[in-house]
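Visitor: Here's a structure for you.
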Amino acid sequence: MRTRDIVRATRRKFAGSLLLSLFILSTATAMIALALLLVDVANKGAPWLSWHLVTNYPSRFPKQAGLRSALLGSIWIAGLTGAICFPIGVGAAVYLHEYAPKNRLTSFINLNIFNLSGVPSIVYGLLGLGLFVDLLALGRSIIAGALTMALLVLPTVIVASREALAAVPEGHRFGAYALGASQWQVVRRIVLPQALPGILTGTVLAMSRAIGEAAPMIAVSALVYITFDPTSPLDRFTVLPIQIFNWVSRPQADFAGLAAAGIIVLLIVLLALNATAILLRNKYQRRVRE
Amino acid sequence: MSNLAIETKALGVWFGKNHAVHNVTLEIPVNRITAIIGPSGCGKSTLLRCFNRMNDLIPTAQVEGVVLLNGENIYERDVDVSQVRRRVGMVFQKPNPFPKSIYENVAFGLRIEGVNSKSEFDSIVRRSLESAALWDEVKDRLNDSAIDLSGGQQQRLCIARALAVDPEVILMDEPCSALDPQATAKIEQLMGELKESYTVVIVTHNMQQAARVSDRTAFMYLGELQEYGPTQQVFENPKNELTERYITGKFG
Amino acid sequence: MAYAVRRGPLRKGHGEKPSERIIHHLLFLSAVSSILVLFAILATLAYQAIEFFEEVSIVEFLTETRWTPLFQPQYFGVLPLVAGTLWVSFIALVVAVPIGLGSAIFLSEYSPDRVRRVIKPVLEVLAGIPTVVYGYFALTFVTPILMGIFPDMIVFNALSAGLVMGIMIVPMVSSLSEDAMIAVPQLLREGAYALGAKRHEVATRVVVPTALSGIVASIILAMSRAVGETMIVSIAMGSTPKLTFNPLESMQAMTAYITQISLGEVPFGTLEYKTIFAVGIALFAIVFIVNLVGYYLTKRYTELYSGL
């Protein structure tokens, strides 16, 4: 072999190793970042974890401050959001997958759903502020927040539901039609029962997103000192991310620790919701074994 | 009462620009087994699906001509398609039991009709399963999932399900092609029993099966009905040269 | 045999039963609601923005280099906010594209299954973390470190926010690029190997170019997310709108301004209230343009390689 060939071969090998190292480094960086984040949060937040954190209302004094109103507000919002976007999202998905003719209106609707999922969440907050809080005079209430959130996560529910509907084998529909079932009977008795776990998974994931989003809720509810338990959808409210944001924004070091503790609570709630979604998905996969 | 279960006149089917079935005029006699054979893509399944208007479910499909069910044209404008499909049942190539219990599968057609008396359900489910030669195998586990049955059992379940709504005609679209020989034999035997009370039309790519079970055979090629007559005559003495070539295995 | 189901008449009235029709319409309404949402967004933004532009000229909005609606004298130039947003998004992309693409290549072309099964969930967790947590991380962890490296740096700056935002959008770049790369037919790789190419050459000269439209789409999507992100910039970046080319200075992003005003419960109908809608519409326009550019870029790349 000539020197030139040897040099080329060595250079190629070197390039290969270098690139591989870079690729591994990239992947590792992402994982290290996550690890640093979690460790830091756990570190700073653990000393502040206590029952008081969950049962107390916010306060100027770090040692007495708690997440009670924020936690309740988050639960209210998540629940109402789920309740609102479940029927609309499933209805839209059923129409688009089972009924819609292949025409321009349908393409437009599909394109639209795709566009909507790219709109920044703060813009949904402005929509909620202008439409629900101001125009429909719902005030800065839980229902205004839930409606806003429902619009934000609606595309998620629609997409997840469509996937669940598409996963139902065509043969089942044909079998039902061949027995004389009408279109709605096929949907109601054959398609929806099979698609339901997948649809519920999508809804739970949407609710999980509703809990983690701060921006739209800030626009709708603003920053307010809530020291009561909300009892009706017309009450004012705050949510976990807003409370965390509030604490992070304060200069005192104690509040940084509180914020970290609040983050731990938030992550636990999200973990619980996502675990539920995964359990639902597994139940679904077990049901459809052929 | 006529002795023709189904009659077609100048029946044609298009899928967009694809002319899948040309000008088919056919008479299906009552209480007989009629087989439709032909090479892949000849239009036999498409023709079969005209008899219960399943082609309606395909957006690009267009049907012209007339299909008479016991003398009435099922393609008239104001016909209730659900009723057509109850009177003309269908069994598919790949068994497609619903992911429900055996009992609920058979009862499905009755539920959507609005039947709600448990005793009616029980007796009809039992009679349908008996007619489909499946009762003895499943009578103790009616609430088990239908998906757990073997392929042959699932197909007999699908037959029972179709029988439960008391059809006049049973269409079978290559019902045994996904089954092993023993299951196939059971279904072929069942067909012989079914023709006493129902009319059976079967599409099959298996010529020997057509020769074994059917009374009349129709041979289709490239969407046209090439030959139609008593099975023995079609197989032993085909009038059409194409039929003869297909039967002797020269193509398809 | 007497069956329960009597053979009904074949004929009945035209079309669907009335109850079926109602259901059909309800379902249609649900689907159409998604279009209504888009119109509602545009209408709400436009309504307030139009009122805003009756008091403030569009020319000032688009060309003035100062944004001081809360102080006297009031200047309403949106450029400082746009600059803030673009700066932090740029930094985020500089971080996210190499890391995201590198991970994607590693996952799709190199990593054994066992390793993949560990890394993918990690990326999914990264994607699921609420942005307020990232904001916290930026302010309390990253910023002190940066301040140690750059002694001139102040607490609220774009670099810190941009770095963390970059980490936040890595999963988006990574998983979408990976999907695009996995979709490249194995046949292409085998052809290259058969010509004597090494794995890194197959990855960079065959797979990535073929998957380019998907990769570009993922980057566009990530940029769109970065532009619209709110919490990280509100917490870590600052609230002093400034048109500057130095990322170590304090700036304000468009979304952070909207948050700042919203927190204060500004009374409805005031000029300050309307500014958030004007900025909102500008934000919407930028995201729309980014998505449009992305759409055309992906179309172009798809055509270039559509011969495959």
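Visitor: Evaluate the following for A:Ile122: is it facing chain C (nearest Cβ under 8 Å), under 17 Å from the mean Cα position of the chain (by Cα) and either at pLDDT 85 or above or in a helix (DSSP H, G or I) (or both)? Let's see the steps before the verdict.
Guide: Values: facing chain C (nearest Cβ under 8 Å): yes; under 17 Å from the mean Cα position of the chain (by Cα): yes; either at pLDDT 85 or above or in a helix (DSSP H, G or I) (or both): yes.
When the stated conditions are applied, A:Ile122 passes them.
Visitor: Where in the range B:106-200 are there helices (runs of 4 or more DSSP H), lying wholly inside it, with at least 3 residues that are of a type in the set (Lys, Arg)? Outline the logic, then answer.
Guide: Numbers: elements: B:118-131, B:135-138, B:151-163, B:181-194.
So the answer is B:118-131.
Visitor: Listed residues B:Pro95, B:Pro99; which is in contact (Cβ under 8 Å) with a residue 60 or more places away in the chain and not charged (D, E, K, R)? So that I can check it myself, show each step before the final result.
Guide: Values: B:Pro99 fails: in contact (Cβ under 8 Å) with a residue 60 or more places away in the chain.
When all the criteria are applied, what remains is B:Pro95.
Visitor: Checking B:Ala211 against (1) touching a Phe, Trp or Tyr at 6+ places or on another chain (Cβ under 6 Å); (2) within 28 Å of A:Pro169 (Cβ to Cβ); (3) in a helix (DSSP H, G or I), which single condition isn't satisfied?
Guide: Looking at each condition in turn, B:Ala211 falls short on (2).
Visitor: With the requirement that a residue be surrounded by fewer than 16 Cβ atoms within 10 Å (Cβ to Cβ), over 20 Å from the mean Cα position of the chain (by Cα) and farther than 15 Å from B:Leu110 by Cβ, what does the range B:121-136 give you?
Guide: Once the filter is applied, which keeps residues that are surrounded by fewer than 16 Cβ atoms within 10 Å (Cβ to Cβ), over 20 Å from the mean Cα position of the chain (by Cα) and farther than 15 Å from B:Leu110 by Cβ, the range B:121-136 yields only B:Asp136.
Visitor: Can you tell which of C:Pro80, C:Pro69 is outside any loop (DSSP other than H, G, I, E, B) and touching a residue at least 12 places away in the same chain (Cβ under 8 Å)?
Guide: Going through C:Pro80, C:Pro69 in turn, just one is outside any loop (DSSP other than H, G, I, E, B) and touching a residue at least 12 places away in the same chain (Cβ under 8 Å): C:Pro80.
Visitor: Okay, moving on. Would it be correct to say that A:Gln243 is within 30 Å of A:Arg162 (Cβ to Cβ), in a helix (DSSP H, G or I), touching a Pro at 6+ places or on another chain (Cβ under 7 Å) and touching a residue at least 60 places away in the same chain (Cβ under 8 Å)?
Guide: On the way: within 30 Å of A:Arg162 (Cβ to Cβ): no; in a helix (DSSP H, G or I): yes; touching a Pro at 6+ places or on another chain (Cβ under 7 Å): yes; touching a residue at least 60 places away in the same chain (Cβ under 8 Å): yes.
Considered against the rule, which asks whether it is within 30 Å of A:Arg162 (Cβ to Cβ), in a helix (DSSP H, G or I), touching a Pro at 6+ places or on another chain (Cβ under 7 Å) and touching a residue at least 60 places away in the same chain (Cβ under 8 Å), A:Gln243 comes out as no.
Visitor: Residues being part of a helix (DSSP H, G or I) and either facing chain C (nearest Cβ under 8 Å) or loosely packed, with under 14 Cβ neighbours inside 10 Å (or both): count how many of those fall in the range A:50-88.
Guide: Step one: of the range A:50-88, the residues part of a helix (DSSP H, G or I) are A:51-55, A:62-64, A:68-88.
From the residues that got through so far, the ones that are either facing chain C (nearest Cβ under 8 Å) or loosely packed, with under 14 Cβ neighbours inside 10 Å (or both) too are A:51, A:55, A:63-64, A:83, A:87-88.
Matching residues across the range A:50-88 total 7.
Visitor: Do we find that A:Ala46 is more than 13 Å from chain C (Cβ to nearest Cβ), out of contact with any strand residue (DSSP E or B) (no Cβ under 8 Å at 6 or more places or on another chain), surrounded by fewer than 17 Cβ atoms within 10 Å (Cβ to Cβ) and under 18 Å from A:Val265 (Cβ atoms) in this structure? Steps first, answer last, please.
Guide: Working: more than 13 Å from chain C (Cβ to nearest Cβ): yes; out of contact with any strand residue (DSSP E or B) (no Cβ under 8 Å at 6 or more places or on another chain): yes; surrounded by fewer than 17 Cβ atoms within 10 Å (Cβ to Cβ): yes; under 18 Å from A:Val265 (Cβ atoms): yes.
Considered against the rule, which asks whether it is more than 13 Å from chain C (Cβ to nearest Cβ), out of contact with any strand residue (DSSP E or B) (no Cβ under 8 Å at 6 or more places or on another chain), surrounded by fewer than 17 Cβ atoms within 10 Å (Cβ to Cβ) and under 18 Å from A:Val265 (Cβ atoms), A:Ala46 comes out as yes.
Visitor: Right, here's the next one. What about A:Ala210, is it more than 14 Å from chain C (Cβ to nearest Cβ), surrounded by 22 or more Cβ atoms within 10 Å (Cβ to Cβ) and part of a helix (DSSP H, G or I)?
Guide: Values: more than 14 Å from chain C (Cβ to nearest Cβ): no; surrounded by 22 or more Cβ atoms within 10 Å (Cβ to Cβ): yes; part of a helix (DSSP H, G or I): yes.
No, not satisfied.
Visitor: Moving to a separate point now. May I ask you to list the residues in the range B:157-206 that are among the acidic types (Asp, Glu), within 13 Å of another protein chain (Cβ to nearest Cβ) and within 13 Å of the chain's Cα centre (by Cα)?
Guide: Restricting attention to the range B:157-206, the residues satisfying the condition of being among the acidic types (Asp, Glu) are B:166, B:168, B:173-174, B:180, B:188, B:193, B:196.
Within this subset, residues satisfying the condition of being within 13 Å of another protein chain (Cβ to nearest Cβ) are B:166, B:168, B:173, B:196.
Across the range B:157-206, the qualifying residues are B:Glu168, B:Asp173.
Visitor: Now for a different question. Scan (1) touching a Cys at 6+ places or on another chain (Cβ under 7 Å); (2) within 14 Å of chain A (Cβ to nearest Cβ); (3) surrounded by fewer than 23 Cβ atoms within 10 Å (Cβ to Cβ) for the single condition B:Ser101 breaks and write down its number.
Guide: (1)
Visitor: Across the range C:131-142, what is the total count of residues that are facing chain A (nearest Cβ under 7 Å) and either without any contact (Cβ under 8 Å) to a residue 24 or more places away in the chain or among the aliphatic types (A, V, I, L, M) (or both)?
Guide: Adding up the residues that qualify gives 5.
Visitor: Say whether the condition of being over 26 Å from A:Thr227 (Cα atoms), in a helix (DSSP H, G or I) and of a type in the set (Lys, Arg) is met by at least one residue in the range A:13-29.
Guide: Taking the range A:13-29 and keeping what is over 26 Å from A:Thr227 (Cα atoms), we get A:13-29.
Pick out the ones that are also in a helix (DSSP H, G or I) and you get A:13-29.
Filter again for of a type in the set (Lys, Arg), leaving A:13.
Within the range A:13-29 (the criterion being over 26 Å from A:Thr227 (Cα atoms), in a helix (DSSP H, G or I) and of a type in the set (Lys, Arg)), the answer is yes, since at least one residue qualifies.
Visitor: Condition (residue is assigned by TED's automatic domain parsing to the domain that holds A:Asn282, in contact with a helix residue (DSSP H, G or I) (Cβ under 7 Å, 6 or more places away or on another chain), without any contact (Cβ under 8 Å) to a residue 12 or more places away in the chain and of a type outside the set (Gly, Ala, Ser)) applied to the range A:127-148: is it met by at least one residue?
Guide: Yes.
Visitor: Has the range A:223-232 got at least one residue that is of a type in the set (A, V, I, L, M, F, W, C) and either at pLDDT 90 or above or not assigned by TED's automatic domain parsing to the domain that holds A:Ile75 (or both)? Lay out the reasoning, then the answer.
Guide: Pass one, the range A:223-232, residues of a type in the set (A, V, I, L, M, F, W, C): A:223-224, A:226, A:228.
Restricting the remaining residues to those that are either at pLDDT 90 or above or not assigned by TED's automatic domain parsing to the domain that holds A:Ile75 (or both) gives none.
No.
Visitor: Here is a check on your reading of the model: is C:Val118 surrounded by fewer than 24 Cβ atoms within 10 Å (Cβ to Cβ), more than 21 Å from C:Ala253 (Cα to Cα) and facing chain A (nearest Cβ under 7 Å)?
Guide: The answer is no for C:Val118.
The values are calculated or read from the model by the stated rules, or taken from the named source; none is laboratory data. As the structure is a prediction and not an experimental result, all values here were calculated from the model. Here Cβ is always computed from backbone atoms with ideal geometry, including for glycine, and neighbour counts include all displayed protein chains.
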